[in-house]
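Before any comments, here is the structure.
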């Protein structure tokens, strides 16, 4: 993958994650209540859903920020894929099949970027940690 294509894809997925986290900060409590309500009939305990619902926006924001900056990119990509795996699992438990394609696309983008990480030459990683 060429470096410009890699940069654009990294910025796109970074912007998505950053935006997901950012818009939830002002309404964190409402977001958490919505999530707990959505998982009421699932097998997950309310306390685990509530903890996840508060951690998710912070995690999305942090992953997005790191990807936009190109800082600790590999860790951010692995973390992003992990978040998507948790979201896909949770979404499956509540049978929200319409949301899964978007989550799978995000997961695929994280994995593709991870596969081609050698193309990440326009980044703070490259500037700060040149090998």
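No value in this document is a laboratory result; all are computed from the given coordinates. Every value quoted in this text rests on a predicted model; they were computed, and no experiment measured them. We place every Cβ from the backbone using ideal geometry, glycine too, and count neighbours over all the protein chains shown.
Per-structure values
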quantity: Cα-based helix-to-principal-axis angle, 73-93 vs the chain, degrees rounded to 10; calculated: 20
quantity: Helix-only mean residue ellipticity at 222 nm for the chain, each DSSP H run of n ≥ 4 adding -39500 (n - 2.57), per residue, nearest 500; calculated: -25500 deg cm²/dmol
quantity: Relative contact order computed over region 3-131 (Cα-Cα under 8 Å; 6+ residues apart), in percent; calculated: 34
quantity: Inter-label distance for residue 65 and residue 129, nm, one decimal - labels placed 7 Å from Cα along Cα-to-Cβ; calculated: 1.7
quantity: Packing rank of 111-123, 41-53, 71-83, where each peptide gets the mean count of other beta carbons within 10 Å, highest leading; calculated: 71-83, 111-123, 41-53
quantity: Debye-sum result for the chain in log10 I(q)/I(0), which assumes one identical scatterer on each alpha carbon, at q = 0.19 Å⁻¹; calculated: -1.02
quantity: Cα pair distances exceeding 14 angstrom across region 1-60, given as percent; calculated: 61
quantity: Tilt relative to the chain, helix 28-38 - C-alpha long axis, 0 to 90 degrees, to 10; calculated: 60
quantity: Mean-position separation - Cα centroids, region 64-117 and region 29-50, in angstrom; calculated: 21
quantity: Net lengthening on full extension, residue 41/residue 15 (0.36 nm per residue, minus Cα-Cα); calculated: 6.1 nm
quantity: Computed FRET value (nearest 0.05) for residue 29 with residue 108, which takes r as the C-beta separation and R₀ as 25 Å; calculated: 0.20
